[in-house]
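Each reported figure results from applying straightforward, stated rules to the coordinates on display, with no laboratory input. From a predicted model like this one, the values you see are computed outputs, not experimental measurements. Heads up, the Cβs are rebuilt from the backbone with ideal geometry, glycines too, and the neighbour counts pull from every protein chain shown.
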Amino acid sequence: MRRGRRLWALVRKEKLQIVRDPSSIVIAFALPLLLLFLFGYGITLDAKSVQLGLALEDEGWEARDLSMAFQGSPYFEPQVSPARQKLFPLVAADELKGVLVIPHGFSAAFRAPGRAAQLQLAVDGTFPNAGSMAQSYGLEVISQWVRTLEVNADRVNAPSIRVEPRYWYNSEMESRRAVLPGILAIIMALIGTMLTSLVVAREWERGTMEALLSTPAGAFELLLGKFIPYYLLAVLSTFFNLGVVTGLFGIPFRGSLFALFCVTSLFMLSALGQGLIISTLARNQYIASFAALMSAFLPAALLSGFVFEIGAMPPLQRAVAAVLPARYLVTCLSTLFLAGDVWGVLLPNMLKLTVLGVFFMGMALRGTRGRLD
């Protein structure tokens, strides 16, 4: 009986602790709800609204009709051009995921018995899963178009069409070449936020923050003093991981170290700034590390385009991905590893990383000043 009362007292004490500490309630209810929302509603493996170039070099009605079939498909958003030369650079600039070439003589070969009409379907192999699905959907649209013509013309046998598949930047379609640059981006996002998310919280826990506040250093100097060492550490970690990826796993790096340094520096501006914001607001290292994990790792893994196609996400998730620094880092690293220094892709993403970095560092400076006051 006495043991039961002691047990009840301990249970009641823990219940009051749970009520007073909302972090336990967040872990029990908010975290599962967030994950279910992301995986159940916002994340999909389907490829929808794929940006596809249509090089309509043939003027026959069959070629135009095939082009209309792609324009009417829910899986593609075609961009039609009379020449393939105008479309191929758009793939390098990441504005198109592939190009379907309908060459000269396609309609004549399609109508001629015993001849095979030639098509070329080239897709971006940077993300093998999305590239394979885009090619599969493209072949299905072509097959459905041929079957429709066969039924309408009362033909017994469908005309022969030969599609030449091609993958850019990852012709072997080796998933490791696409996965490891994305994983490197996730690692950079995690370590960048985790490194600084604990620094101020650690000062509060160890009781050394009062000593820092008594010094003549202002908020900007305090913030910069904590930013510079972890920035250098994060950059060194990035180049170390690059050596592991290229040396141990044999993944080619076609870009320059200068471009990688620029991309890494701009990204770390936002990642370390995000960690400093968390560290300024949280005086407990456990809460700071949990907040860093929730705000850095999960969004970077799920909404950066590393695993799931951003174009297939609902508008709300696409809006969140648009303000996610890891989303632009994944694009930059994939470009550097698989294509090289394609500045038409790198510069717009670097500009967005700069804007986000200035925003996060500004918020961190404002929070630090608020704490000092």
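With point charges of +1 on the Cβ of Lys and Arg and -1 on the Cβ of Asp and Glu, referenced to the Cα centre of the range 50-168, which listed residue (Phe88, Gln71, Ala116) lies farthest in the positive direction of the dipole?
Ala116
For Val235, Val101, which order do you get if you count the other beta carbons within 10 Å of each Cβ and list the fewest first?
Working: Val235 17, Val101 22.
Fewest-to-most Cβ neighbours within 10 Å comes out as Val235, Val101.
For a quick check: sort Lys352, Lys15, Lys226, Lys97 by the number of other beta carbons within 10 angstrom, fewest at the front. Let's see the in-between values first.
Details: Lys352 18, Lys15 10, Lys226 22, Lys97 27.
Ascending Cβ contact count within 10 Å gives the list Lys15, Lys352, Lys226, Lys97.
Please report, in debye to the nearest 20, how large the charge dipole of the range 241-373 is about its Cα centre when each Lys and Arg carries +1 at its beta carbon and each Asp and Glu carries -1 there. Write down the numbers at each step before the final one.
Details: 8 positive and 3 negative charges, 62 e Å.
Using Cβ point charges on Lys, Arg, Asp and Glu, the range 241-373 gives about 300 debye.
Based only on other Cβ atoms within 10 Å, what is the fewest-to-most ordering of Arg177, Arg84? Mind showing how you got there, number by number?
Numbers: Arg177 22, Arg84 19.
Fewest to most other Cβ atoms nearby, the residues stand as Arg84, Arg177.
In Å³ and rounded to a whole number, note down the convex hull volume per residue for the Cα atoms of the range 50-168.
On the way: hull volume 10.7 nm³, N = 119.
Taking the convex hull of the Cα positions in the range 50-168, it is 90 Å³ per residue.
If N is the number of residues in the range 175-372, what value comes out of its Cα radius of gyration divided by 2.2 N^0.38 Å?
Working: Rg = 17.2 Å, N = 198, 2.2 N^0.38 = 16.4 Å.
So the range 175-372 has a normalised radius of gyration of 1.05.
Please give me the summed charge of the neighbours of Gln118: other residues whose Cβ is under 12 Å from its Cβ, Lys and Arg +1, Asp and Glu -1.
Details: positive: Arg115, Arg162; negative: Glu57, Asp58, Glu164.
Counting the neighbours of Gln118, the net charge comes to -1.
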